[in-house]
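These notes are about the structure you will find just below.
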Amino acid sequence: MLFAKPSLTEEPQSIRVANTKGDNPLIWPLLTVLQASNQSWKIHHLATELQTQGLIHQLDENPGNDLFKRNFLLMNALFELQEILLPKQWLQVKAMEIQIFRLVPSNVNLLIMQDTSLREYYLDWNNYDTSENVVRELLEAFWSNYKSYIGLNINLMNKGNALRVFELDESATARDIRKQWRRLALKWHPDRPDGDAARFREVCEAWQSLRDIA
């Protein structure tokens, strides 16, 4: 029996999953929780806190799988947030000791290197699920919950207005858009020193219009 040869230009499923677009929306409520506390958090306490806010729901009927997926999503968001906050703040990401420090430790490069394997594992969506569609649907569901939570306008902003909010023009690349999204979301997040809830919502609304091309 002859089998059709796979296309040389077709990306393997694992690469498509790893390249799935869209930030983990748990980044921003996690920032709110961590900024509001001077104490460290345990990963399961963070999960409980987000559950009470209606931002995390059951992810799998199997309790063991549900726990794994919930922890994966939280660790993924935490490592993403750690990168966003540097070099001005340090987010310590340990399962039993999660905390934002205003002063970045002098040995931060060593700390980052020590966590390289763990960070790479949780930032690779293939370790959550090998289905690209499952990951996309998951992120869409979380964004839907978060939009309701912070009161976003359900009508998408047009692309031109969204780019203006991002202080970009039509020539902006996908990389430019993603970089500006993270910069502005962090700048205007209500729990930052100079944050502004209205501006943060506006930036989130603009991201909803642009994230499919970013």
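So which residues in the range 87-117 are within 21 Å of LEU46 (Cα to Cα) and among the hydrophobic types (A, V, I, L, M, F, W, C)?
Hits for the range 87-117 are TRP90, LEU91, VAL93, ALA95, MET96, ILE98, ILE100, PHE101.
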Residue that is modelled with the lowest pLDDT, among those in the range 196-213 that are open to solvent by 60 Å² or more (accessible area, probe 1.4 Å) and within 19 Å of ASN145 (Cβ to Cβ): ASP212
Just to be sure I understand, how many residues within the range 104-123 are under 15 Å from the mean Cα position of the chain (by Cα), touching a residue at least 12 places away in the same chain (Cβ under 8 Å) and surrounded by fewer than 14 Cβ atoms within 10 Å (Cβ to Cβ)? 0
Criterion first (part of a helix (DSSP H, G or I), open to solvent by less than 80 Å² (accessible area, probe 1.4 Å) and modelled with pLDDT of 95 or more) does GLN92 satisfy it? no
Name the residue that is farthest from LEU55 (Cα to Cα), counting only residues in the range 137-156 that are open to solvent by 60 Å² or more (accessible area, probe 1.4 Å) and among the aliphatic types (A, V, I, L, M). LEU156
Count of residues meeting criterion [over 18 Å from ALA141 (Cα atoms) and of a type in the set (Gly, Ala, Ser)] in the range 49-72: 1
Given (1) surrounded by 16 or more Cβ atoms within 10 Å (Cβ to Cβ); (2) within 16 Å of LEU31 (Cα to Cα), index of the condition ASN126 fails: (2)
Within the range 157-193, of all residues that are under 20 Å from the mean Cα position of the chain (by Cα) and open to solvent by 80 Å² or more (accessible area, probe 1.4 Å), the one farthest from THR32 (Cα to Cα) is ARG175
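The values are calculated or read from the model by the stated rules, or taken from the named source; none is laboratory data. Not measured: the values here are computed from a predicted model. For neighbour counting, all protein chains shown are included, and Cβ atoms are generated from backbone atoms with ideal geometry for every residue, glycine included. Side chains are part of the model used for accessible areas, which takes the heavy atoms of the whole protein and leaves out ligands, DNA and RNA. Shrake-Rupley method; radii C 1.70, N 1.55, O 1.52, S 1.80 Å.
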